[in-house]
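A quick write-up on the structure given underneath.
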Amino acid sequence: MEKGRDMGMKRVLSVASECVPLLKTGGLADVVGALPGALAGQGWEMRVLMPAYRALRPRLAEWPVVFVEEDLFGGPGRVCAGEVEGVSMLLLDAPHLFDREGGPYNTAGGDWPDNPQRFAALSWVAAKIARHGLGDGWRPQILHAHDWQAGFAPAYLAFGGPRDVGTVITIHNIAFQGWAEATMVEALRLPAHEFHPAALEYYGGLSSLKAAMVTADRITTVSPSYAAELMRPEFGMGLQGLIAARAADVVGILNGVDEGVWAPEAEPLPFGPRKMKGKAANRAALCAEFGLEVPGPLAVVVSRLTDQKGMDLLPQVLPDFIAAGGGLVLLGSGDKALEAEMLRLVERYPGRVAVRIGYDEALSHRIFAGGDAVLVPSRFEPCGLTQMYGLRYGTIPVVAAVGGLADTVITANPAALAAGVATGVTFHPTDAIAFAEALRRLVQLHSDRTVWTQLQKRAMAQPVGWGASAAAYARLYDSLLPA
Ligand SMILES: Nc1ncnc2c1ncn2[C@@H]1O[C@H](COP(=O)(O)OP(=O)(O)O[C@H]2O[C@H](CO)[C@@H](O)[C@H](O)[C@H]2O)[C@@H](O)[C@H]1O
């Protein structure tokens, strides 16, 4: 008997390269890890397939093997099933591809040269599970692939003949497209006759993301605004024509945040909309931790330091903000030149600016709890999670009006303030002039206690959980089930 069906649950296989709590390099992992719990309440049992990277292999000893592939792109592969913090995981163990020192995608020297094969292998196994099921009898009705790493999964399934499993590709960031040389068609087990512009061919090579976008039944992305932006050349990064051509199958579904994890009431110094003294205690603690004294708004940033996130604008807008009484706590890592630039700000503004280079989940909580405002000056932002943590924590988002940032923050213009619906400050375009103006607005709002309190209360009241989005995914899956 198939597991899941006996409990009346419908079944979906989620395929991704990272998943909280096992491995995270960015927001993708948060979303992949949160979806199973969110969808369970919608009648869908979701299992997550991801690679067994070196650090995850010790877990496999006690997990049953539910799938075997003798020749998986140059070595044997097997899938072991287990549960981690309530999430049903399927780990793909293929030592020749994943048991190595370094990050999931790269090592100190750059991207792993065999990334095309590594993630083609993940996708190959996903497609096989969709077609034939697991050793324990479980077979999904829907295959849900995330980003380029899972991009070939819907393609293998589509090229493998008639199928009864619906497929979805979710684009978390179109900047990463899974490029491979055209000479790899055969090595990646793709049909040579599909190598043409209407299918696999992409600027003379291969893109696993394009392969998914051509073959999946539906294309989703993580906010309605990003879905619309992707049809324009400035955001679509080469794939805008394809997205536009498939517009009828494109859906933007906002991410949620895990309200159990991002809960101001559960922080070591708890607070809430009716207990804002606790918020002040968090601010004081954060200032003490970093030796800061900030008379005006304390801005915070928790981010990958990349061009996408607009961090290079900070040095340009900070002087005026500091002069107006502001301060900054930044936690992040990424681009080495940006890291160095951020550290220079500390020297320039001692007692006003603190920077921590690195990745630190616990510190990120203290930062959101203690900040007055969170800055997200992204050039593009498919959804963005940190502005939503800001909303939950009464840490007012100051964001570029792009993608999911535009969909989740209501700017404090006079009309919105009068209507009592404002939750933050948005600016457009993403440049130093607009960003600086937004910070001036922030200082002004912060100086009026009544307005500021109203803003914080509205922000904290805004729903940012998974409820509505999980229902939207469930409706999407349902629409793909055979009638
Ligand atoms: N140094 C650090 N220490 C601790 N925590 C850190 C950190 N740097 C980042 N984080 C955390 O990592 C996550 C980043 O998520 P984002 O949504 O902001 O961006 P990302 O660009 O990675 O994700 C992509 O995928 C997600 C998911 O769909 C989209 O929301 C987004 O727009 C898209 O670019 C957040 O949980 C943040 O708190």
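Please find, among Ala323, Ala288, the residue that is away from the ligand (no atom under 16 Å from the Cβ), closer than 30 Å to Asp258 by Cβ and surrounded by fewer than 16 Cβ atoms within 10 Å (Cβ to Cβ).
Answer to the check: Ala288.
Are any residues in segment 410-442 over 22 Å from Ile174 (Cα atoms) and within 16 Å of the ligand (Cβ to nearest atom), and if so, which ones? The answer is Gly424, Thr426. Return yes or no: is Tyr359 among the aromatic types (Phe, Trp, Tyr) and more than 8 Å from the ligand (Cβ to nearest atom)? So Tyr359 fails the test. Here Glu69 passes the criteria (1) without any contact (Cβ under 8 Å) to a residue 60 or more places away in the chain; (2) among the acidic types (Asp, Glu); (3) buried (at least 20 other Cβ atoms within 10 Å of the Cβ) except the one numbered (3). Restricted to helices (runs of 4 or more DSSP H) entirely inside segment 112-229, those with at least 1 residues that are within 16 Å of the ligand (Cβ to nearest atom) and over 29 Å from Ala483 (Cβ atoms) are 208-215, 224-229. For segment 368-378, the candidate set comprises residues that are assigned to a helix (DSSP H, G or I) and more than 9 Å from the ligand (Cβ to nearest atom); within that set, the residue that is nearest to Gly291 (Cα to Cα) is Gly370. Considering segment 346-371, and only residues there that are within 16 Å of Glu267 (Cβ to Cβ) and among the acidic types (Asp, Glu), the residue that is surrounded by the most Cβ atoms within 10 Å (Cβ to Cβ) turns out to be Asp360. Checking the structure you have, find out if any residue of segment 397-408 is more than 9 Å from the ligand (Cβ to nearest atom), within 22 Å of Leu318 (Cα to Cα), out of contact with any Phe, Trp or Tyr (no Cβ under 8 Å at 6 or more places or on another chain) and outside any loop (DSSP other than H, G, I, E, B). Yes, some residue in segment 397-408 is more than 9 Å from the ligand (Cβ to nearest atom), within 22 Å of Leu318 (Cα to Cα), out of contact with any Phe, Trp or Tyr (no Cβ under 8 Å at 6 or more places or on another chain) and outside any loop (DSSP other than H, G, I, E, B).
Inside segment 72-106, can you point out the residues that are among the polar types (S, T, N, Q) and in contact (Cβ under 8 Å) with a residue 12 or more places away in the chain?
The one that is among the polar types (S, T, N, Q) and in contact (Cβ under 8 Å) with a residue 12 or more places away in the chain: Ser88.
For segment 9-36, the set of residues classified as away from the ligand (no atom under 12 Å from the Cβ), under 18 Å from Gln141 (Cα atoms) and not basic (Lys, Arg) consists of Met9, Val12, Leu13, Ser14, Val15, Pro36, listed by residue number.
This table checks each residue for (1) assigned to a loop (DSSP other than H, G, I, E, B); (2) under 24 Å from Gly272 (Cα atoms); (3) open to solvent by less than 50 Å² (accessible area, probe 1.4 Å).
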position: Leu442; (1), (2), (3): no, yes, yes
position: Ala459; (1), (2), (3): no, yes, yes
position: Ala471; (1), (2), (3): no, no, yes
position: Leu481; (1), (2), (3): yes, no, yes
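The values are calculated or read from the model by the stated rules, or taken from the named source; none is laboratory data. Predicted model only: the values in this text are computed from it and were never measured. All Cβ positions, glycine included, derive from the backbone under ideal geometry; neighbour counts span all protein chains shown. Note: areas computed on protein heavy atoms with side chains; ligands, DNA, RNA excluded. Shrake-Rupley method; radii C 1.70, N 1.55, O 1.52, S 1.80 Å.
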